[in-house]
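The values are calculated or read from the model by the stated rules, or taken from the named source; none is laboratory data. In this text, all values refer to a predicted model and were calculated from it rather than measured experimentally. So basically every Cβ, Gly included, is an ideal-geometry build from the backbone, and we count neighbours across all protein chains shown.
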Amino acid sequence: MVEKACRVCRYITSEGGKCAACGSEELTEKWSGYAYIEDVANSEIGKSVGAKVPGKYALNIK
Ligand SMILES: [Zn+2]
């Protein structure tokens, strides 16, 4: 299944048509690079993308 990134929070999801993190339906297949963020509260990348739940986050969204 194609992984899609949320345009709102950058969370990458591979199931359904909704972002599992924020519930947005603004998903795109046009993204590149990702970071896996486990400790969202203490991760610099997590802070910069505004991550709220652990998971994969796209670094670039076109
Ligand atoms: Zn989202």
If you take the residues of segment 11-45 that are more than 16 Å from M1 (Cβ to Cβ) and within 14 Å of the ligand (Cβ to nearest atom), which of them is modelled with the lowest pLDDT?
V40
Kindly indicate whether any position in segment 6-21 is of a type in the set (A, V, I, L, M), surrounded by 13 or more Cβ atoms within 10 Å (Cβ to Cβ) and in a strand (DSSP E or B).
yes
